[in-house]
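To start, the structure under review is shown below, and the notes come after it.
The values are calculated or read from the model by the stated rules, or taken from the named source; none is laboratory data. Predicted model, so just to flag it, every value in this text is computed and none were measured. Note that we place each Cβ from the backbone using ideal geometry, even for glycine, and neighbour counts take in every protein chain shown. Protein only, heavy atoms only, side chains kept; ligands, DNA and RNA dropped before computing areas. Shrake-Rupley method; radii C 1.70, N 1.55, O 1.52, S 1.80 Å.
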Amino acid sequence: AVKNILHIQNTSKMRQWEKRSEGMTSLMDLSAPCHLLGHDEMVMIQGECYYNDSRFHESVDCFDELLRNLSGTHYANVPKRDIARLIAAIHGSLGDLYFNLGNNDLAIIQFERQLSIGTELSSNKDLISAYLGLGKCFYENGDHNLARDQYMNALSECVFVNDKNCTILAQKG
C-alpha cells in the first residue's frame with residue numbers, strides 16, 4: 001500500500017513537472033547537435049530540473065552559466081546556427097523563469113533576445129515562443145494593446161507554419 005501511495009505521489013509530481021515544462025522549448029533536443037561538454041550538459045539538465053521543481057532562482061543561475069559557456073571557445077567548431085538555436089531557446093526559458101519570478105522587465109529582455117535571434121535565424125518556433133512570452137508580460141504589465149499585438153504576431157507565425165495547436169494557443173492568449 002505504501003509503495004502504491006509513493007507511486008501515485010511520484011506520478012502526480014511528474015505530471016506537475018510536465019505541465020510546468022510545456023512552455024519551455026526542449027533544450028535537450030536542441031543541444032544534441034551542439035555536442036555539449038559533460039559539465040554544460042549537466043548544468044542544462046540541472047537548470048531544467050530546478051525549473052520543474054519551481055526553484056526558479058537556481059534555474060536562472062544554471063541557464064546564465066550555460067549562456068556564458070556557450071559563448072566560449074569550446075564550441076568554435078559547432079555550426080553557429082545550432083548554437084544560436086540553443087541560445088535562443090535558453091533566452092526563452094530565462095524569459096519564462098523571470099516571468100514566473102514576477103520580474104516582467106527582465107522577462108521582456110530575454111524574450112526580446114529570443115525574438116532577435118529567431119528573426120535572424122528565420123525560426124518560426126522561436127518567433128512564436130518570443131511573441132507569446134512578450135504578450136503575457138505586456139498583459140501582466142497592463143499594456144493590453146501591446147499584448148494583443150504580440151499575440152497577433154504569434155498567431156500570424158502559427159498560420160504561416162500551419163500549426164493548429166499553436167494557433168489555438170495563440171488565440172487563447
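For the reader, a short list of remarks on this structure follows.
- Taking label points 7 Å from Cα along the Cα-to-Cβ direction, residue 78 and residue 143 give a separation of 3.3 nm.
- Diffusion coefficient (Stokes-Einstein, Kirkwood radius over C-alpha pairs, 20 °C, 1.002 mPa s) for region 24-138: 155 µm²/s, rounded to a whole number.
- Where 119, 73 fall by accessible area, highest first, once all protein chains stay in place (1.4 Å): 73, 119
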